[in-house]
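Take a look at the structure below.
No value in this document is a laboratory result; all are computed from the given coordinates. Because the structure is predicted, anything quoted here is derived from the model rather than measured. Neighbour counts are summed over all protein chains in view; Cβ atoms, including those assigned to glycine, are modelled from backbone coordinates with ideal geometry.
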Amino acid sequence: IFSDVYNGTVTFLPLEENSEGKYQIKKCNTYQIQLTHIEDEEWSVSIVAPFPEDWFSDGIAYPKLEWLGNELLSKLAKWSVEQKPSEFKSTLSLISVAKYSKVYQDLKEKYKEMVKVWPEVTDPEKFVYEDVAIATYLLILWEEERKEKALTKKQSFVDLGCGNGLLVHILNNEGHSGRGIDVRRRKIWDMYGPETHLEESTIMPGDSHLFPDTDWLIGNHSDELTPWIPVIAARSSYSCCYFVLPCCFFDFHGKYSRRQSKKTQYREYLDFVAQVGFACGFHVEEDCLRIPSTKRVCLIGKNRTYPPTKCALIDKQITQYIKNRQTCAVVMCDRRVGFDRKDHSDGVCKEAGSELPENETDTAGTIWMPEFQPREKVEQIRNCASLPRDFVDDVVLNVANLLLNATPQKSCSNTHGGNMNTWNQGESLSLKEVAEHLSKDTLKRLKREYGGLQTLLKNNHQVFEVLNGRVHIRDWRKEKPPRKTKPEVKRRLSAEAFKTRLCWFFIHHPDGCSLPSESCPYAHGTEELRQSQIIRKKKHI
C-alpha cells in the first residue's frame, strides 16, 4: 500500500506468490483511492482501477469492482464527514488488528469451499464468512490468554446453541477440543465428519448443565440462553470464562422488556447482559467484531472480581439477582396487562420466586428457573410461509390493486414484440399507508407472524418490491440479469425453478406481463408450466 498524502492518493498493489516463492504484482487488480479538493469546503473521493476489463474477483481476497464503486466509495464519503460519537467500542479493540487480518485471510482461504456445498437455506456467504471471522477473533483472544497465563495447552470450549455448527468445526480443526450443543440438528452437521463434536440436546439452565472441565463457554446468537451463559460459566468453575455475541433480546424467562427510552434497544440489551456478567463476578469487556451483521458487539468475561474463597457468597448473589429480575418482570407485566397478580398466578406472569427452591442458596439438583422456555425442537414457521394460500393471495391482490389504482398512475412504455403500449407500474405507498387499507382481521393475523405485512410482501417477490419502507409493483424489465459468478447452488436452483409457477402479472395485471413469454421466468398459462425439480427431489428424500 503506497500512501501519497501530498497528492491525496492511496494505491493498492496486490502481491501474489509464484511457484518459486517470489512475489509479483497482480497488475490487473491494482486500484487507487483519490481525494480531490474542489473548492472551499467541497471535496470529492474517487476510486480508479487502471485495468477494469481484466479485473479478477474471487469474493475472498479480491472484492468485486461493483463493490468498490457502489459500496466502499459511498461509505468512505460518509465516514469522512460523520461526526456522531459511537455508542460502541471501536472494532477489534481488544486484539491485534494486523494479526487478525492475517489469520482471517488464512482461514477464509481454508474454509471457502464451504460456500459451494452449503446445504442450508440460509445465505452461505454471510454465515460462512461470519463464523470464520468469529473463529479468528476467538483464536487470537485465546492465544493472548495463553501468553498472559503461561498456558501451554489450547483452551477447551462448549458452544451453547451452536446452530449450523461451523464455528465448532473450525475451532476443532484449529486444535481446540470442544463441542457444540443445539436443540435441533442441522443438515450440514453430517458433512463435518467425526472430528467435529456436535450434540442435539435441550439446555435447561440448572445443575445438570454445568461444565466444570471447560475453559470457555460460547454464545454466538444464542437467543434465550444469552443471559444465562455468564451464570452457567460462574457456576461451572472459578476458571471458566465466556464469550457472548447477543442478537435477539431475551431475559432470563422470556423476551426482554425495554426500560430506558434514552438508549437504543440494542445498547440497552448489551448493558443488561454486561450487568449479568458483573453480578456473576466477572470483569466484563466489550468489543466490536468485524462481521457482516448489524449485531456485532461481543461481551467477554475472562477474569473474576473476587477470590476463589468467595464463590459461595457470589453464588447467593447470583440467585438473588435472578430473583430480582423475575420480580421486576412480574411488576412490568401487571402494569401493561392491568390484572391482579393473585388471580392469575397460573398465567404468563407468575408470582416472583413462587417456584424457586425454599433455600435460595441450595441449587443442588435443581433447574434454576422452572419458567425458562427453551427453544422448541421443531422450529415454528412464523415468517408468513405457513399462512393459508387463499389468505395470502387475497392480501397480494388487494395491495396490488391499491397500488395500481393509486393516483397519479405511473406508466412505462413496453416495446416488446414491436407493439408500443403502456404498462401500468402503479404508485408507491408506505407500509403504513398500505396497512391502513387492510381490514382489522387481516392485520391481526399478520401481526402474529414475524415481520407481519412487510414479510408477506417480501415473500411475494414476484409481485412486489419493498424498499426503504415503501411498497412498489415490481417491473421485471428493470431486473438485473443473473450474475455469472453466482454460487453454483443458487444458479442450479434458479434453473430448476424456471417456469414452475404461474406468472401473477399474466393472470391479474390489467396490462398483462411486462415481459414476453420467452423472457419471463414464470409461466404464461398452464401449458408453459414445468414440474418443479426441487419438489421432486424433496419428495425423493
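Cα-Cα pairs above 27 Å in the range 97-331: how many percent?
33 percent
Can you work out the PRE-style zone for Leu73? Point 7 Å along Cα to Cβ, and I want the residues of the range 1-26 with backbone N under 17 Å.
Residues passing the 17 Å test: 9-12.
Quick one: net charge around Ile229, please, counting Lys, Arg +1 and Asp, Glu -1 for every other residue with C-beta under 13 Å from its C-beta.
That sum, taken over residues with Cβ under 13 Å, equals -2.
If you keep only loop residues by DSSP, which trypsin sites (Lys or Arg not before Pro) in the range 1-100 have at most 13 other Cβ atoms within 10 Å of their Cβ?
Hits after loop and neighbour filter: Lys22.
Net charge within 14 Å of Thr442 by Cβ-Cβ distance, Lys/Arg positive one each and Asp/Glu negative one each, not counting Thr442 itself?
With Lys, Arg at +1 and Asp, Glu at -1, the neighbours total -1.
Pulled fully out, how much extra length does the chain show between Glu17 and Tyr306, if you take 0.36 nm times their separation in residues and subtract their Cα-Cα distance?
98.9 nm
So who's got an amide H within less than 5 Å of the one on Asn303, skipping anything under 5 residues away but keeping other chains? H placed 1.01 Å off N, in plane.
Answer set, sorted by chain and number: His283.
Quick one: if the Förster radius is 22 Å, what FRET efficiency do Ser101 and Ser177 give, using the C-beta to C-beta distance and rounding to 0.05?
The calculated FRET efficiency here is 0.25.
How much FRET efficiency would the formula 1/(1 + (r/R0)^6) give for Ile25 and Ala385, where r is the Cβ-Cβ distance and R0 is 45 Å, rounded to 0.05?
Rounded to the nearest 0.05, the efficiency is 0.35.
Could you calculate the FRET efficiency of Glu286 with Leu529 from 1/(1 + (r/R0)^6), where r is the beta carbon distance between them and R0 is 35 Å, rounded to 0.05?
0.05
Count charges around Arg470 for me, please; just the other residues with Cβ under 12 Å from its Cβ, Lys/Arg as +1, Asp/Glu as -1.
-2
Can you give the extra length, in nm with one decimal, that the chain gains between Lys126 and Lys447 once fully stretched, where that is 0.36 nm per residue apart less the Cα-Cα distance?
112.7 nm
Taking 0.36 nm per intervening residue step and subtracting the Cα-Cα distance, what contour gain separates Glu268 from Leu65 on full extension?
In short, 69.3 nm is gained.
Sorting check: for 183-192, 274-283, which peptide has the highest mean count of neighbouring beta carbons within 10 Å, and how do the rest follow?
The packing order, highest mean first, is 274-283, 183-192.
If you filter the range 187-293 for GluC sites (Glu not before Pro), then keep DSSP loop positions with at most 14 other Cβ within 10 Å, what is left?
Here the sparse-neighbourhood loop sites are Glu195.
Suppose every K and R has +1 on its Cβ and every D and E has -1 on its Cβ; what is the size of the dipole of the range 97-331 about the Cα centre, in Debye to the nearest 20?
My answer is approximately 680 debye.
Give a quick list of trypsin sites (Lys or Arg not before Pro) in the range 114-161 that DSSP marks as loop, anything other than H, G, I, E or B, with at most 15 other Cβ atoms within 10 Å.
Those that pass, being in a loop and sparsely packed, are Lys149, Lys153.
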